[in-house]
């Protein structure tokens with residue numbers, strides 16, 4: 001059953017010299033089971049840049065992140081496996097390699113916490129390390145209008 005819930009994402013990126021941290025708090029639609037679940041939400045990157053994001057976790061060990069809108073991305077994040085993934089922005093398209101070094105998914109009916117540490121490479125050369133934490137919290141009470 002799909003439910004509207006609270007979502008918090010923390011994304012830390014490093015290129016070896018500088019580190020950036022982005023945090024986002026919003027609402028999402030959450031459904032599935034503790035091992036196979038989907039989180040859907042809207043991301044706003046700038047005033048005129050918005051994408052719909054769908055994050056699907058399968059078997060508690062692999063994530064498929066799909067963005068459609070101003071930024072179009074399709075990433076597959078799986079521990080120990082390198083996936084070639086498409087990353088498109090208003091400025092151009094890239095093919096990147098994604099390899100997860102850690103993938104921890106803990107979920108039950110009330111909350112979930114997903115932590116993914118992974119590298120992003122361009123043509124086989126690591127360009128960035130990333131740590132993404134996704135937390136889905138309490139159910140938002142139904143509105144009675």
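Quick note: the coordinates plus some simple rules give every number you see, no bench work behind them. As the structure is a computational prediction, the values presented were derived from the model and not from experiment. So basically every Cβ, Gly included, is an ideal-geometry build from the backbone, and we count neighbours across all protein chains shown.
Here the label points at residue 135 and residue 38, each 7 Å from Cα along the C-beta direction, are separated by 2.6 nm in the simple model.
With the simple spin-label model, which puts each label point 7 Å out from Cα in the Cβ direction, the residue 123 to residue 19 separation comes to 3.0 nm.
Beyond 21 Å, what percent of the Cα pairs of the chain remain? Intermediate values should be presented prior to the final figure.
Details: 4597 of 10440 pairs.
Distances greater than 21 Å cover 44 percent of the Cα pairs.
Any chance you could run the full-extension gain for residue 8 through residue 70? It's 0.36 nm times the residue separation minus the Cα-Cα distance, nm to one decimal. Could you put the intermediate results ahead of the total?
Numbers: separation 62, 0.36 × 62 = 22.32 nm, distance 2.12 nm.
Extending this stretch completely gives an extra 20.2 nm.
The slack in the chain from residue 108 to residue 46, taken as 0.36 nm per residue of separation less the alpha-carbon distance, amounts to 19.0 nm. Under a Gaussian network description of the chain, with springs only between Cα atoms under 10 Å, the residue in 92, 32, 69 that fluctuates furthest is 92.
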